[in-house]
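These notes concern the structure reproduced below.
Coordinate-derived values only; no laboratory data. Please read these numbers as outputs of a predicted model, since none were measured by experiment. So basically every Cβ, Gly included, is an ideal-geometry build from the backbone, and we count neighbours across all protein chains shown.
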Amino acid sequence: MCRRVSCSKCGRPTWAGCGAHVEQVLGNVPKDDRCRCREEKAAAGGAAGGKTTDLLRKGVIAIGIALVAWFAFGRASGDTTGSEARALVEQGAQLVDVRTPAEFAEGHVPGAVNIPVDEIERRAGEIEKDEPVVLYCRSGARSSRAAGILEAAGYEQVHDLGPMSNW
């Protein structure tokens, strides 16, 4: 509950507390006779609002948008470097290109098999569950999506190269 107090700066009547009951506390004090220090502080960008609060609000919104984009579109850069991917493939990992058959036909990493991301769930049986698998695509978004699908299906050795250019 708010209570009536005197402002320490100007000595005029003001309130202390949550602010929800200001009119009950100061109802009999004419508005021109009330303290205006809080209003002046807020207008100058102080703790009661203004620029600081606006920047904080914008920062929270930006972080929220970034998190949504991360979860919606995946990590387009992959989690495996080109040298790590090459070493895994040399040691027997299966290399899977998750682009469309047309993209695969235009060029692919030698030794890769083509299982488009839209078919990965249905064709997961073509990938050894107990062996490492390296995934790639054009930009990294589809390989990230495919990695999530395989991991959800119980594959534990999934390596996302991201874009083919990382090879």
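Report the semi-axes of the equivalent ellipsoid for segment 55-167 in whole Å, largest first, where each axis is √(5λ) for an eigenvalue λ of the Cα gyration tensor. Walk me through the intermediate numbers first.
Working: eigenvalues 152, 44, 39 Å².
Listed largest to smallest, the semi-axes of segment 55-167 are 28, 15, 14 Å.
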Residue-wise HN-Hα coupling along segment 140-150, computed from phi with Karplus coefficients 6.51, -1.76, 1.60 (Hz; x: Gly, Pro): x, 5, 5, 5, 5, 5, 5, 4, x, 5, 5
Point-to-point label distance, residue 118-residue 28, nm (Cα→Cβ direction, 7 Å offset): 7.6
